[in-house]
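A short worksheet on the structure shown next.
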Amino acid sequence: MDIRIFVGAHQTTSHSMTHILQQNAELLGQQGISYCSDAPLAVRQINATLKSITDGHDPQKAAQSLVQQLSGDQNSKRLLIVNPDIIGAATKPFDTELFYPQVDKLIQQLRNAFIGFDLKIFAATNNPASFIPASYSKSLMSAIFDPFQEYIDGADIQGYRWSSFIQRIQHDDRNHLTVWRTEDYNYIWRDVLQAFTGIANGQDFIGTSQHENTGLSLEGAQLMQRYILENPPRTKQGFDKTKTVFLERFPNSADALTGTDWSADLVQELTDLYADDWYYIERMNNVTTIQPRNFD
């Protein structure tokens, strides 16, 4: 059995992928593919397996038990897991210099947990001009009410590179990785899901790449942060109601990236740096990129 894990990043394509995989459970089952739809369970079981190995249990047997628990089907030829939480927290997926600073160690732990199995890693990137504000919005939705400027304080905004993230996953390009851009996903989602699942024909998938927007625009997040400081919710229900109102009025959008401390000039600069970074990613060793097809 081979194991295929989509590790994120957060704020990329995991929600859509999860929805499509759930919609196509019968199709996957017909081709001997198991999808672990309980992402939190997968993390708990992986951590339990690592502890078991640390405690002295046989690594191969521990890995076999893990796969059996997650797949629920001994006849499966492939196990799929979608969970960006494996590599870090959605609320602050960067330090002052790196996206997901612990990703190299966490991916190595994954390899240890699935020792003896063919483990394939899949990832998606997101323009930092969008990714950082979206991460801030996620932190706000998780009841962390820091101002945006404080959230990014000390960060080398222009220094973040997804190519570094990929290199640390690969561990000196020894391990293969498949990656795509969130910005391309609506055009390539069938190619992405076909590559991830290994099914014979991506056109067999039912569903759509569109999914419910669960994030705020940066402007909306900043307004909500100020509103909450002035009107602290007294109950979870009150907080949930506030979130709903702001999500309806200020949904995240590719056309609404700017805000206080996040100017149009900075957005353009980060977008250009992202394009340069992807020029490099396309040429990295042992990296497969999935991109829109050119029919010219």
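Read-outs: derived from the displayed coordinates by stated rules, not from any lab. What you see is a predicted model; the values in this text were computed from it and never measured. Here Cβ is always computed from backbone atoms with ideal geometry, including for glycine, and neighbour counts include all displayed protein chains.
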(message) Can you give the local net charge around residue 62? Use residues other than it whose beta-carbon is closer than 11 angstrom to its beta-carbon, Lys and Arg +1, Asp and Glu -1.
(response) 0
(request) Quickly rank 34-41, 11-18 as a protection proxy: mean count of other C-beta atoms within 10 Å, highest first. (result) 11-18, 34-41
(request) Could I have the simple spin-label model distance between residue 175 and residue 108, label points 7 Å from Cα toward Cβ, reported in nm to one decimal? (result) 1.0
(request) Calculate, for residue 69 and residue 19, the FRET efficiency according to 1/(1 + (r/R0)^6) with r their C-beta to C-beta distance and R0 35 Å; round to the nearest 0.05. (result) 0.90
(request) Could you tell me which of rounded, prolate or oblate describes region 56-163, using a ≥ b ≥ c as the square roots of the eigenvalues of the alpha-carbon gyration tensor, with rounded for a/c under 1.5 and, failing that, prolate when a/b is larger than b/c and oblate otherwise? (result) prolate
(message) Just to check, using Stokes-Einstein with a Kirkwood Rh over alpha carbon pairs, what's the diffusion coefficient of region 142-229 at 25 °C and 0.890 mPa s in µm²/s?
(response) 144
(request) In whole angstrom, note down how far apart the Cα centers of region 9-60 and region 183-237 are. (result) 19
(request) Starting from the Cα-Cα distance between residue 156 and residue 240, subtract it from 0.36 nm times their residue separation and give me the gain in nm to one decimal. (result) 27.0 nm
(message) I'd like to compare 176-185, 258-267: which one has the highest average count of other Cβ atoms within 10 Å, and what's the full order after that?
(response) 176-185, 258-267
